[in-house]
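Values in this text are rule-based calculations from the coordinates and carry no lab data. In this text the structure is predicted, and so the values were computed from the model without any measurement. We place every Cβ from the backbone using ideal geometry, glycine too, and count neighbours over all the protein chains shown.
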Amino acid sequence: MDYLKIEKSDNLHGNIDISGAKNSALPLIAATILSKSDVILENIPNVVDVKVLIKLLMMLGADSKIISENIVSINTRNISNTQVVYDMVRKMRASILLLGPLLARFGKCQVSLPGGCAIGARPVDLHIKAMSNMGADISIINGYINAIAPKGLRGSDIIFDKITVTGTENVIMAAALAKGTTTIINPAKEPEIVQLCDVLKQAGVEISGQGTNEIVIVGSDGELLNFSNISIIPDRIEAGTYLCAGAITNSSITINNVIPKHLEAITNKLKEIGFDIEIDSNSITILKARELNAFEITTSEYPGFPTDMQAQFMALATQCNGVSTIKERLFENRFMHVNELQRLGANISLLGNVANINGRTDLIGADVMATDLRASSALILAALIANGQTKIHRIYHLDRGYEKIEQKLSSIGVKIQRLKGDSV
Ligand code: EPZ
């Protein structure tokens, strides 16, 4: 299996162009099921999760055409199969995003339960409950969600007890074709949710309240939608990860093609640690800090501090003076990177969902193993300042969500190679 070899690279400089957001591309690919014609998606990130979901749509009968490296056209006119098989869902749990659109358009579907993953049980009970509230009959048989709505879905009030990103996205897509009005109370407010609503609104759906505590959607009663070309918003988590590369090496780098507002929780935390941050309309520059102060983070739903940046800031905390505290509120097992950071010499103690990181510590390169997408990037960040050489194994996790990561890191001075190696 491939692995990354990284030499200590603690003096970075230059610019990185940020790719389109994986977590916006995925629901928008699913939403093409609601379209009556071809949908052009621009600025789509060339990452494994996106390729898997497009492949899944094609298994159902859709067509897709690669127009260029980051532009694809998808046509779902000929979808004839509405069974989303376990073998694909286990590879990419966001396949659950096909539940809402398939049910809304075809009145039936069978979607494999995603099962858990490294960071937690990842239940989909809220998705299922919402579809039932909208009139679907749902049964769980042999690990599959069997959903039928022969009379189509009906608009209804959906109150989420817990904020769920893909749960909100499934309801938005289902409601777009339902009969009547759906009001979602306590929806997710991520920028990716707002883009999905904006795209559906442009396609003719009456939607309001995206980004607030209440989204109202007036369904088309089964009428397929007319999508305009879509340009995927920049990936705020990729952007935050590269800002952390500048932070952990105390170097000055600039990231381009970003929407600074989407990164406010991240840039505010970096300022609190001691970095000066220069913000332009679509770029952000991090400047050297005189010293790095320990910090506290509690992960929260947007616009709070994102759980998808927790691992990266834990790596950064090893270089901050004092004891930093990170509390993971969203997922029950999102500290898999702690053991690997400790292998590099990090001084971290865990108590339940709280990690205390003693800094500053000199890290020493070693062989480490990626356990999930964002943990992988945390290990890369740690490798930048670890003395000597670090090898990061199982980097298939990384390829799910970071486009051209070696090229982007090399361009700012990181000594990094992707090598073929023995499986670990
Ligand atoms: C989305 O996952 C993202 N994935 C995740 O990013 C991100 O970490 C997560 O939101 C939180 O921000 C995509 O957008 C494709 P949730 P999602 O439903 O939707 C519980 C990455 O790194 N819950 O918002 O699966 C759940 O267990 C990935 O790109 C239920 O209990 O997350 C968790 O504790 C990792 N029942 C909390 O809600 C449900 O039916 C938030 O989960 C659904 C969720």
| For R400, distant residues with modelled amide H under 5 Å away | V48
| request: Excluding T307 itself, calculate the net charge of residues whose Cβ lies under 12 Å from the Cβ of T307, where each Lys or Arg counts +1 and each Asp or Glu counts -1. | output: -2
| request: Starting from one equal scatterer on each C-alpha and no solvent at all, send me the Debye-based log10 I(q)/I(0) for region 161-280 at q = 0.15, 0.16, 0.18 Å⁻¹, two decimals. | output: -0.75, -0.80, -0.91
| message | Quick check: Cα centre of region 123-155 to Cα centre of region 316-346, how many Å? | response | 38
| said: No solvent, one uniform scatterer per C-alpha: report log10 I(q)/I(0) for the chain via the Debye equation at q = 0.07, 0.08, 0.14 1/Å, two decimals. | reply: -0.33, -0.44, -1.24
| note | A student asked for the Cα radius of gyration and Dmax of region 1-61 in angstrom ought to give 16.7, 52
| note | Note, D63: beta-carbon cut-off 11 Å, +1 each Lys/Arg, -1 each Asp/Glu, net +1
| said: Restricting to DSSP H runs of at least four residues, report the calculated mean residue ellipticity at 222 nm for the chain, -39500 (n - 2.57) per run over all residues, nearest 500 deg cm²/dmol. | reply: -9000 deg cm²/dmol
| said: If exposed means no more than 15 neighbouring beta carbons inside 10 Å and the site is in a DSSP loop, what's the longest run of the chain without any exposed GluC sites (Glu not before Pro)? | reply: 70-222
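Kirkwood-based Rg over Rh for region 1-147 (C-alpha set), two decimals? Intermediate results must be reported in sequence, preceding the final value.
Working: Rg = 17.7 Å, Rh = 16.9 Å.
Reported Rg/Rh (Cα atoms, Kirkwood Rh): 1.05.
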| query | Within a Cβ distance under 11 Å of F295, other residues only, what is the Lys/Arg minus Asp/Glu net charge? | reply | 0
| query | Fully extended, how many nm does the chain gain between S252 and D10 (0.36 nm per residue separation, minus their Cα-Cα distance)? | reply | 86.0 nm
| request: Kindly express, to the nearest 10 degrees and within the range 0 to 90, the angle between helix 165-177's C-alpha long axis and the longest C-alpha principal axis of the chain. | output: 20
| note | Scalar couplings 3J(HN,Hα) for region 100-117 by Karplus 6.51 cos²θ - 1.76 cosθ + 1.60 (θ = phi - 60°), nearest whole Hz, x for Gly and Pro, are x, x, 5, 5, 5, 8, 9, x, 6, 5, 10, 10, 4, 4, x, x, x, 8
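Take the residue pairs K91/K189; K36/K201; K129/K162; K55/K201 and return only those whose Cα atoms are more than 19 Å apart.
Values: K91/K189 26 Å; K36/K201 15 Å; K129/K162 12 Å; K55/K201 26 Å.
Pairs exceeding the cut-off: K91/K189; K55/K201.
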| If you find the alpha carbon centre of region 156-170 and of region 187-255, how far apart are they in angstrom? | 16
| said: Quick check on the chain: of the DSSP beta bridges with both residues there, what percent are antiparallel, nearest 5%? | reply: 70
| remark: Computed ³J(HN,Hα) along region 11-18: with the Karplus parameters 6.51/-1.76/1.60, θ = phi - 60°, integer Hz and x for glycine or proline, the list is 9, 9, 7, x, 10, 10, 8, 7
| query | Give me the log10 of I(q) over I(0) for region 210-319 at q = 0.11, 0.20 Å⁻¹, as the Debye formula computes it from C-alpha points; what are the numbers? | reply | -0.43, -1.04
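How high is the relative contact order of the chain, in percent, counting Cα pairs under 8 Å that sit 6 or more residues apart? Let's see the in-between values first.
Numbers: 1032 pairs, mean separation 88.9, N = 424.
Normalised by residue count, the contact order of the chain is 21 percent.
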| said: For a quick check, take a GNM of the chain with Cα springs below 10 Å and name the residue from L60, L103, L292 with the largest mean-square fluctuation. | reply: L60
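According to the Kirkwood expression over distinct Cα-Cα pairs, how big is the hydrodynamic radius of region 149-205, in Å? Numbers along the way, then the final one.
Values: mean 1/r = 0.0855 Å⁻¹.
Answer for region 149-205: a Kirkwood hydrodynamic radius of 11.7 Å.
Compute the Rg to Rh ratio over region 73-170 from the alpha carbon atoms, using the Kirkwood formula for Rh, and round to two decimal places.
Working: Rg = 13.1 Å, Rh = 13.8 Å.
Value, to two decimals: 0.95.
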